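The values are calculated or read from the model by the stated rules, or taken from the named source; none is laboratory data. As the structure is a prediction and not an experimental result, all values here were calculated from the model. Because the Cβ atoms are built from the backbone with ideal geometry, glycine has one as well, and the counts that use them run over all protein chains shown. We work out accessible area using only protein heavy atoms, side chains counted, and drop any ligands, DNA or RNA first. Shrake-Rupley method; radii C 1.70, N 1.55, O 1.52, S 1.80 Å.
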Amino acid sequence: MKELVLLRHGESQWNAENRFTGWADVPLSVRGRHEAELAGRRLRESGFACGAACASVLMRAIHTLNIVLAALDCAWVPVHKDWRLNEKHYGVLQGHNKREVEQEMGEEQVQRWRRAFDCPPPPLLPGDERQPAREAKYAGLQPGQLPCTESLRDTLLRVRACWEELLRPQLYATGALLVVAHGNSLRALLMYLRGISPTGVEQLEIPTAQPLRLVFDDDMKLQP
């Protein structure tokens, strides 16, 4: 049997401030670091023997992963960072307070941007300083790979490719894989692995720093 642990990062500074984050690279809050430490202790107490780990390239996921691996006494395991595990890109909403956007645009519209499967927020305009092409971490990617906004459908496409090319092989090889990512990238991955419908995924919520354990058999079939 092979065990996959999915973990959303601990609370970030912008989570605490109720701001849209997306691909913005913000640190963990003090509470978020504590949440990560607690998640690591819980995994250690449960007997999870991590064989490899994967994270997005955003610091809130990387810092959470480092804290958890230290708690597991597994800082030595191979770690893979992949941009395809990044949070859904929130376009022009990134950095804005969610409540203020709701007051301006309407709560129903904001909920569709946040939860619906195929409803991307308004995109960043060319030249916007928040464009990911401005960041060194994405220098090796082609312009067409870098989003200006994303729906959950868009996020699913890259997460599914990451599963097939990186996560699945690592899980098969090591037998115990830890993946630290984000609310929407993990929603997309669970949608793919569990066959959740576009309507059903709207109700799926991933809390911060709460380990979710999935078990696969030796043929890589997800167990109930």
Residues satisfying the stated conditions in segment 187-211, i.e. open to solvent by 20 Å² or more (accessible area, probe 1.4 Å) and either on the phi > 0 side of the Ramachandran plot or of a type in the set (D, E) (or both): G195, E202, E205
Members of segment 136-172 found to be in contact with a strand residue (DSSP E or B) (Cβ under 8 Å, 6 or more places away or on another chain) and open to solvent by 80 Å² or more (accessible area, probe 1.4 Å), listed by number: Y172
Residue check, P122 part of a loop (DSSP other than H, G, I, E, B), more than 20 Å from the chain's Cα centre (by Cα) and under 26 Å from L204 (Cα atoms): yes
Unique match (being open to solvent by 10 Å² or more (accessible area, probe 1.4 Å), among the β-branched types (V, I, T), more than 26 Å from L166 (Cα to Cα) and in contact (Cβ under 8 Å) with a residue 60 or more places away in the chain) among V101, V92, V30: V101
R158 being in contact with an Asp or Glu (Cβ under 7 Å, 6 or more places away or on another chain) and over 25 Å from E35 (Cα atoms): no
Filtered residue count, segment 74-104, keeping only those that are polar (S, T, N, Q) and over 19 Å from the mean Cα position of the chain (by Cα): 2
Number of the condition not met by H96 [criteria: (1) touching a Phe, Trp or Tyr at 6+ places or on another chain (Cβ under 6 Å); (2) at pLDDT below 95]: (2)
Subset of segment 41-86 [open to solvent by less than 40 Å² (accessible area, probe 1.4 Å), touching a helix residue (DSSP H, G or I) at 6+ places or on another chain (Cβ under 6 Å) and assigned to a helix (DSSP H, G or I)]: T64, I67, V68, A71, R84, L85
From the options R153, R160, R114, residue that is farther than 22 Å from R60 by Cα, among the basic types (K, R), assigned to a helix (DSSP H, G or I) and at pLDDT 95 or above: R153
Candidate set: segment 173-186, residues that are farther than 30 Å from V110 by Cα and part of a helix (DSSP H, G or I); chosen: the one most open to solvent (accessible area, probe 1.4 Å): A173
